[in-house]
Structures are given as structure tokens and as C-alpha cells.
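Questions regarding the structure given below will be posed in turn.
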Amino acid sequence: MPAIYWLASYPKSGNTWLRIFLAQLISGREEPVAINNLPLRIGTAGDRKVFDRYTGISAADLTHAQAENLRPALYRELVRHAEEDLYLKIHDAWLPTPDGQPHTPQEITRGVLYLVRNPLDIVPSFAAHRGIALAESMTALCNPDFALCKTHHRLHLQLRQRLCDWSGHVSSWLDSGLRCELLRYEEMVAQPLASFSRAVASLGLAYSSEQIARALELCRLEELQRQEQRAGFGEKSTKHERFFRKGQPGEWREVLTPAQVEQILHHHGPTMERLGYYNPATGVIWP
């Protein structure tokens, strides 16, 4: 029976790149896949259109809590209609629904690939994505009640997603008891073949190194930027000039002040140490 592999991450940690890569790899095509036409099998857990279609209820008629309470049933319905395993991007922290259900039902969960990125680099990337100042982006990363798509003044393409702060997001998934494979964004950039090969294996897929290398070549950053410039990208924020930016680890060193760095270390230092991003004994930060 099919089940779901959750591609979980805090925003701006490489999740979209991974999904495009998976679509490219699974398609077997010798030309780049269209970034605006990824298959439902490699979808997004909070997609409002998918919710409306498979629950038969318009999320626009529900409160955030009511919609969230129906999401476990939505995922069961997706699996019921699936012929193969699904790979779903999810930004929500691993929290129970408002009525106390497991957000990701265990009986339909095959595993979790958790993507992580140094929060110091998430700050400028998230700020650019949302069209906000660095200080506001930092506030979001340190807010235990932070959520995406929670306002009511317009209809979002995505359902509300409760993120917690960055450290809370990380610990919610890694300490969930689910089978989690950790994938660092920095290694995806520095050692793409090795890290994506490990990701492919953890997702129960069997492809050769040659096939993985070819898929990586077809979804290089330059190709994603070319497609976005030509046709736009449906997942781009309306406040953001472009979705695919630099993608280069270590950008924080150029844009954050020492005080801002210290603020992130004060709030997230223990989790950064846990993941190998920070050594408090030496003060060394990676990358």
C-alpha cells in the first residue's frame, strides 16, 4: 500500500530544490521539468486547491483550526487514491491538530526527510522571500507562535502552517519518534551528488549515480532562475522579486551585524550546536 514520505523543513532550507530534483529524477526526462508543473505525487501538504479537491470542502469556508483538523483525513484520502508513494513538502512543525490528532498520521507515514539550514542564513533568505526587513525576519525565527498564511484579509494559496520558532521546529520533527533522515542544505550545495544520493535512498527510491547526477545537472540554480525569469514561479511570494536567489551558504556574514548574530546565537545556540552549526567552546560558526 502507498504511503507518504514527508519532506519537512523550516522555510528557505532547500525543500523546493529537492522537490524539483525528485520530479526530474522520477520523470526520467532528458530535458528540464517545468517548475510550475510538478506532479501531485511530489506535492505540498498545505496546498489549498488540493485540500478543496480531496475533502470536498472549500477551505475558504472554514476557520484555520477547522481546516487543520481535516488535514489528517486529507492525507489519508491522498494515499487512498495514490498508486505509488507520495513525497510531500511540509513546513508545519510536528504539532498535534487543534483537536488533538497527529498532524501526520503514523499509519500512512513511511518516513521523514528533514532538511535543515543554518538559521543565520535563513534570516536574509526569508526576509527577501517575504519582502520584509532583516529584523522582522529574525523576530519570526525567534517567535514560538509564528505561522504562515494566518491572516484573514486575503485568500492564501496555502493553508495556515504553524512553524513555532526555528529551534522548536527542528526539535518537533527530530524528537517526534518518526524515522527521520537529516539533510543539511549546506551539504546539498557543497556535495550535491553524495547528499542527494543519500536523500534518494532514504526515500525508498533506487536510481544510479549517473541518473542522480543527470537530474542534478538539469535542475541547477541557473536553470531554475531561467525558468522563473521566463514564466514566473507559482510558489513565489508576491512581495518577493524572485524565488531562486543566490542559494549560497555563508551569506549571513555579509549582511548581519554582530548584534544580530549574537541574538540568533542567544536564542538558537543549543540547537545550532546540536546540528553542528555552532561550537560554543570555540565560538566557531559553520559555514
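The values are calculated or read from the model by the stated rules, or taken from the named source; none is laboratory data. Since the structure is predicted, the reported quantities are computational estimates derived from the model, not experimental observations. A quick note on method: Cβ atoms are made from the backbone with ideal geometry, for glycine too, and the neighbour counts reach across all protein chains shown.
Give me a count of the residues in segment 175-184 that are closer than 28 Å to Gln248 by Cα and either surrounded by fewer than 19 Cβ atoms within 10 Å (Cβ to Cβ) or at pLDDT below 95 (or both).
Summing the residues that are closer than 28 Å to Gln248 by Cα and either surrounded by fewer than 19 Cβ atoms within 10 Å (Cβ to Cβ) or at pLDDT below 95 (or both) in segment 175-184 gives 3.
Can you confirm whether segment 54-77 contains a residue that is among the aromatic types (Phe, Trp, Tyr), crowded, with 21+ Cβ neighbours inside 10 Å and within 25 Å of Ile212 (Cβ to Cβ)?
Checked against the condition, which is being among the aromatic types (Phe, Trp, Tyr), crowded, with 21+ Cβ neighbours inside 10 Å and within 25 Å of Ile212 (Cβ to Cβ), segment 54-77 yields no hits at all.
Please verify whether segment 126-138 includes one or more residues that are without any contact (Cβ under 8 Å) to a residue 60 or more places away in the chain, surrounded by 14 or more Cβ atoms within 10 Å (Cβ to Cβ) and either on the phi > 0 side of the Ramachandran plot or assigned to a loop (DSSP other than H, G, I, E, B) (or both).
no
Moving on to the next point. May I ask you to list pairs of residues, at least six apart or on different chains, whose Cβ atoms are under 7 Å apart, with the first in segment 48-66 being more than 19 Å from Asp99 (Cα to Cα) and the second being modelled with pLDDT of 95 or more and among the basic types (Lys, Arg)?
none
Residues checked against (1) acidic (Asp, Glu); (2) out of contact with any strand residue (DSSP E or B) (no Cβ under 7 Å at 6 or more places or on another chain); (3) under 22 Å from Arg71 (Cα atoms):
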residue	(1), (2), (3)
Arg160	no, no, yes
Ser172	no, yes, yes
Glu186	yes, yes, no
Ser195	no, no, no
Val200	no, yes, no
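With respect to Thr271, is the statement that it is in a loop (DSSP other than H, G, I, E, B) and either touching a residue at least 12 places away in the same chain (Cβ under 8 Å) or among the hydroxyl-bearing types (Ser, Thr, Tyr) (or both) true?
no
I'm checking my understanding of the structure. Among residues of segment 13-48 that are closer than 16 Å to Gln158 by Cβ, modelled with pLDDT under 95 and not polar (S, T, N, Q), which one is surrounded by the fewest Cβ atoms within 10 Å (Cβ to Cβ)?
Leu40
Could you list, in sequence order, all residues of segment 26-42 that are among the charged types (D, E, K, R) and either in contact with a strand residue (DSSP E or B) (Cβ under 7 Å, 6 or more places away or on another chain) or farther than 13 Å from Ala215 by Cα (or both)?
Passing the criteria: only Arg41.
So which residues in segment 101-125 are crowded, with 22+ Cβ neighbours inside 10 Å and β-branched (Val, Ile, Thr), if there are any at all?
Hits for segment 101-125 are Thr104, Val112, Val116, Ile122, Val123.
So the check is Cβ under 9 Å with 6+ separation or different chains; which pairs have a first residue in segment 184-204 that's in contact (Cβ under 8 Å) with a residue 24 or more places away in the chain and more than 15 Å from Leu86 (Cα to Cα) and a second one that's buried (at least 17 other Cβ atoms within 10 Å of the Cβ) and acidic (Asp, Glu)?
Tyr185/Asp121; Glu186/Asp121
Another question, if that's okay. Where in segment 1-118 are the strands (runs of 3 or more DSSP E), entirely inside, with at least 1 residues that are out of contact with any Gly (no Cβ under 6 Å at 6 or more places or on another chain) and within 15 Å of Gln161 (Cβ to Cβ)?
Of the strands (runs of 3 or more DSSP E) lying wholly inside segment 1-118, those with at least 1 residues that are out of contact with any Gly (no Cβ under 6 Å at 6 or more places or on another chain) and within 15 Å of Gln161 (Cβ to Cβ) span 4-9, 86-90.
Moving to a separate point now. Provide a single number: the residues in segment 139-169 that are among the hydrophobic types (A, V, I, L, M, F, W, C) and either in a strand (DSSP E or B) or out of contact with any Cys (no Cβ under 9 Å at 6 or more places or on another chain) (or both).
Here the count works out to 9.
Looking only at segment 1-41, count how many residues are small (Gly, Ala, Ser), out of contact with any Pro (no Cβ under 9 Å at 6 or more places or on another chain) and under 27 Å from Trp94 (Cβ atoms).
5
Looking at Glu241, Glu223, which one is assigned to a helix (DSSP H, G or I) and either touching a helix residue (DSSP H, G or I) at 6+ places or on another chain (Cβ under 6 Å) or at pLDDT below 95 (or both)?
Within the list Glu241, Glu223, the selection yields Glu223.
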